Structure formats: structure tokens, C-alpha cells
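Here, each number is a calculation from the coordinates, and none is a lab measurement. Not measured: the values here are computed from a predicted model. We place every Cβ from the backbone using ideal geometry, glycine too, and count neighbours over all the protein chains shown.
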Amino acid sequence: MAKDNPRARRLGEQIQRELGELLRRNVKDERIGNVTITAVNVTGDLRTARVYYLVFGKDGPDPKVQRGLESAAGFLRNALSKSLMIRYTPTLSFELDTSIEHGVRLAQLIDSVNRPENRAAQGERTPHGERISEREPTAEGERSQGERTPESQRTAEGEDERTIAAEDADEGHVIDEGDPSPGGR
């Protein structure tokens, strides 16, 4: 549909409503069955309209429904010309709407990536190389053995609260990362 053409958008909405009624009441073709018109895109020149549809109860494309809609296109276009009262009625082409299936598939992929229990069970690691654990401690009393709180780790390593020292692994140098004076660095 032409996004910059409001007339094409309005005509598409009107065609969608009319086609829904026509398919429900006037089309007697058994191949069509329960078809829902999901969207209609009209070109900017208002000459062609692509009609997107879904078939109730079917997951994939059904060639019988497609052939039934294509054979009814002339009848539907004639009925639209009578009800819409426009100078030129667009040529109709029908296409199965796959946007819903595509959206569901994307949501499933996102959910499968974001589930921490799946990632932990597979032994995955974060981008920083840390192992993902299934259970996170909720309170300090629930920490597992060998896991230290920041306070116990600080006292165990003998660090001062004002100065954080890190030992350079390659050289054995001590790097002072903090300044004890109130003015800062």
C-alpha cells in the first residue's frame, strides 16, 4: 500500500470490508470456504490491489483456495465496482498472508534465546565468558558454600575500603586504582 497516498490507504480499507462481505454472502465457490481478508494493498495509481488472506483451520498454503479466489476475482471486481462507485476498480490479485506466521516464528526464536533455564542447561556462557547459572541467590543467607559476599571478599583479600589494588598478572606490579584523598584523582 502506498504509505504516502492516503486515498490508496482508504480505498484499501474499503475494499477489505467489501470483499469480506462479498466472500461471506455472495461467493458460492466451495473451494474458498472460510477465508479472512487480512489486508489490501492498493498501488499509488489505484489500478491494482493485492489482497492478503488467511484460511481458517489451515496452517499453510492451500492451492484449491488460491485457485478459487483467482477464479472469483472477476466477479468480485465487478461487485466492487457497483458498491464502491469509483471510476476505475483495481485489478485484484490474491496472496496468502504469511506475516502472522513470520511474527510467531520470530517471537519463538526470541523466547528461546532469552530463557535462562535453557541457556544454563546447555552450559552456555555470557559474552564475557561467565557461566550462566539457573539459580541466583536472593538473599545473603542463601549463598552457596565457597561463594563470598563483597564484604567477606574484601576482608579476605586484605584490601582497604579506600584503595582497591589490583596485581598485574604479567609483571607482578601493584596498580593503585583509587586515591584516598577527598579530592579524588
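Cβ under 10 Å from Arg67's Cβ, Arg67 left aside: what net charge do those residues give with Lys, Arg +1 and Asp, Glu -1?
-1
Between Ile100 and Glu21, the contour length at 0.36 nm per residue exceeds the Cα-Cα span by 26.2 nm. Farthest toward the dipole's positive end in the range 6-97, which of Leu54, Thr38, Ala72, given Cβ charges of +1 (Lys, Arg) and -1 (Asp, Glu) about the Cα centre? Towards the positive end, the residue furthest out is Ala72.
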